[in-house]
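To start, the structure under review is shown below, and the notes come after it.
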Amino acid sequence: MLQRIAIMQHAAKMESRSSSHGEKVVLPMWINTNPNPQHKHVPDCVIRAICIAFDMSWYAAYDDLCGVGRRDANIPSADAVWGHYLKMRGCTPFMLPHSCPQCTTIKEFTERFPEGRYIIGTGSHAVAVIDGDYYDSWDSGDEIPTFFWAIR
C-alpha cells in the first residue's frame with residue numbers, strides 16, 4: 001500500500017515538473033515511505049532500501065539478507081552482507097568522495113543521477129533512489145553518502 005502511494009506521489013510530481021519553456025525539469029524529491037509491514041520505525045533501512053529498489057516485499061528482502069548473512073556468518077544489515085547480496089543480483093558498486101568540499105548529499109546525488117535505480121550507503125544508513133527521487137521513512141536528503149550501487 002505504501003509503495004503504491006509513493007508511486008502515485010512520484011507520478012503527480014512528474015506531471016507538475018516543467019520549466020517556463022515547457023521542457024521537463026528534474027528536481028529531486030523525498031518520497032516518504034516505510035514499507036515495514038508493521039510500519040515500525042526500526043533500524044531496517046537496508047531492508048527498506050532493497051525492497052523498494054527491487055520492488056519486492058519487505059519480507060522477501062529480509063529473508064534474502066538473512067540467508068546471505070547466515071552463509072557469511074554476519075548480521076543481515078552489515079555492509080559486507082548486503083554488498084554481497086547486491087553483487088549476487090548483478091549490481092555495480094561505486095565509491096563517492098566523502099571529504100568535503102568534494103562530498104555530495106543524497107539530494108545532490110539525485111540531481112546528478114535523475115534516471116535509474118540506486119541504493120546509496122552513508123556508512124550508517126541506506127536509501128533507495130529511483131529516477132531522481134529518494135525513498136525513505138525520514139528526509140535523509142542532507143546525509144553524505146560514501147558509496148552507491150547501480151541496480152540493473
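The values are calculated or read from the model by the stated rules, or taken from the named source; none is laboratory data. Keep in mind the model is a prediction, meaning the values are calculated, not measured. Glycine gets a Cβ as well: all are built from the backbone with ideal geometry, and neighbour counts include every protein chain shown.
The table that follows gives values for the structure above.
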| item | result |
| --- | --- |
| Residue in the range 114-126 that is in contact with a strand residue (DSSP E or B) (Cβ under 8 Å, 6 or more places away or on another chain), under 16 Å from N34 (Cα atoms) and of a type in the set (A, V, I, L, M, F, W, C) present | yes |
| Among the residues listed as I130, I120, the single one being in contact (Cβ under 8 Å) with a residue 12 or more places away in the chain, under 27 Å from K40 (Cβ atoms) and in contact with a Phe, Trp or Tyr (Cβ under 7 Å, 6 or more places away or on another chain) | I120 |
| Strands (runs of 3 or more DSSP E) completely within the range 35-149 that count 3 or more residues being surrounded by 13 or more Cβ atoms within 10 Å (Cβ to Cβ), touching a helix residue (DSSP H, G or I) at 6+ places or on another chain (Cβ under 9 Å) and at pLDDT 95 or above | 117-121, 126-130, 133-136 |
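Yes or no, residue by residue, for (1) touching a Ser or Thr at 6+ places or on another chain (Cβ under 9 Å); (2) under 24 Å from M56 (Cβ atoms):
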{"residue": "A78", "(1), (2)": "no, yes"}
{"residue": "W82", "(1), (2)": "no, yes"}
{"residue": "M95", "(1), (2)": "yes, no"}
{"residue": "H125", "(1), (2)": "yes, yes"}
{"residue": "D133", "(1), (2)": "yes, yes"}
{"residue": "S140", "(1), (2)": "yes, yes"}
{"residue": "P145", "(1), (2)": "yes, yes"}
